[in-house]
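Everything below concerns the one structure shown next.
The values are calculated or read from the model by the stated rules, or taken from the named source; none is laboratory data. Source: prediction; values computed, not measured. Cβ coordinates were reconstructed from backbone atoms using ideal geometry, including for glycine residues, and neighbour counts include every protein chain displayed.
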Amino acid sequence: MNIDEQIKQALGEELQGIKSNNDRIDANPLRQVQVSLTGKMGWIYALVMVFIMLMVAGAVYCAVQFYHAQELKELMGWGIGIIILVLLTQISKMWYWTEMGHNRVIREVKLLELQVARLYEKLND
């Protein structure tokens with residue numbers, strides 16, 4: 001088997017592997033989260049998730065304190081705390097899900113590039 005045939009076979013195997021991996025990842029949002037944590041920016045995504053959890057815990061704490069507050073000034077303070085923490089949580093989630101969408105588009109573009117390279121090889125044979 002010459003080198004050209006080995007390259008074609010490797011491209012075919014790689015294409016099938018990427019397609020099956022893509023189908024598996026895109027079918028399940030939890031799998032997308034798992035894959036995002038293993039990439040180059042995984043530590044940033046993990047850090048954002050930790051901040052989200054801390055902000056949710058802070059919002060719950062503010063809500064409990066809001067429930068127990070007696071004075072109007074206390075109620076306003078805890079209420080503003082709830083609003084700010086919930087907004088920050090939602091902004092962080094929106095950023096994360098947008099990044100996951102970008103990752104998904106990049107995977108599709110890579111798949112398309114591989115298919116174009118394979119088609120080019122077929123046409124030049």
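Overview of results
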item: Checking Ser92 against (1) closer than 24 Å to Ala46 by Cα; (2) assigned to a loop (DSSP other than H, G, I, E, B), the condition it does not meet; result: (2)
item: Helices (runs of 4 or more DSSP H) within region 1-82 that include 1 or more residues at pLDDT 90 or above and under 23 Å from the mean Cα position of the chain (by Cα); result: 42-68
item: Odd one out for Lys73, checked against (1) surrounded by 13 or more Cβ atoms within 10 Å (Cβ to Cβ); (2) basic (Lys, Arg); (3) over 28 Å from Gln34 (Cβ atoms); result: (1)
item: Residue in region 92-114 that is surrounded by 12 or more Cβ atoms within 10 Å (Cβ to Cβ), more than 17 Å from Leu30 (Cα to Cα) and modelled with pLDDT of 85 or more present; result: yes
